[in-house]
Amino acid sequence: MSKAATILDHYDLRKTKCREDVLRFFISNAELALSQQEIFYHLQQHYDRATLYRTLKAFDEKGMIHRVNLAGSETKYALDQAVLKEKDRFQSHIHFQCEKCEKTVCLSEFPIYEPSLPAGYEKTKSEFLITGTCKECNSTA
Ligand SMILES: [Zn+2]
Ligand SMILES: [Zn+2]
């Protein structure tokens, strides 16, 4: 069984070709957050948008991917490292957005240390997005 198929099994998702292909695309871009457009563009010859959208929704509901909200209301999706490493716990981590190549990277080895909040404040979620230039762009400069 392929890696993608094994993961779908693990998350109790019925195996469809679309789910396997989308998952494979995420696996081959591990550590990168992908926009819906990138995913649609890569797979649009094979599947319609509604099918791809449902697939992303299913992965999201299972907690296999997480959203990265960028400036200007753009959202990207990234595979949780827990999916690949078979860890159960997802850890909030820093995201890095490159201003040159526009790649968004999951810095999953860099967890977010949550500041404590003043009394009376209750957290729903926190995000930590750093912008700058990434390793690849800096090495070709
Ligand atoms: Zn870059
Ligand atoms: Zn991430």
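Readers should treat all values here as calculations from the given coordinates under stated rules, not as data from a laboratory. Being a predicted model, the structure only gives us computed values, none of them experimental. As a convention, Cβ positions derive from the backbone with ideal geometry for all residues, glycine included, and neighbour counts pool all protein chains shown.
Numbers at a glance
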read-out	value
For the chain, built as a Gaussian network whose Cα springs stay under 10 Å, the top-fluctuating residue of Asp80, Asp12, Asp60	Asp12
Coil-residue trypsin sites (Lys or Arg not before Pro) of the stretch 82-141, DSSP, other Cβ within 10 Å capped at 12	Lys87, Arg89, Lys123, Lys125
Sum of side-chain charges, Thr131 neighbourhood, beta-carbon under 15 Å (Lys, Arg +1; Asp, Glu -1)	0
Cα-based equivalent ellipsoid, the chain: semi-axes from gyration tensor eigenvalues, Å	26, 20, 15
Cross-link pairs beyond the 26 Å C-alpha cut-off, checked among Lys76/Lys100; Lys85/Lys123; Lys17/Lys135; Lys103/Lys123; Lys100/Lys125; Lys17/Lys76	Lys85/Lys123; Lys17/Lys135; Lys103/Lys123; Lys100/Lys125
Options Asn138, Thr51, Ile94, ranked by Cα towards positive dipole end of the chain, top entry (Cβ charges)	Thr51
Restricting the stretch 56-140 to chymotrypsin sites (Phe, Trp or Tyr not before Pro) in coil, as DSSP defines it, with at most 12 other Cβ within 10 Å	Tyr113, Tyr121
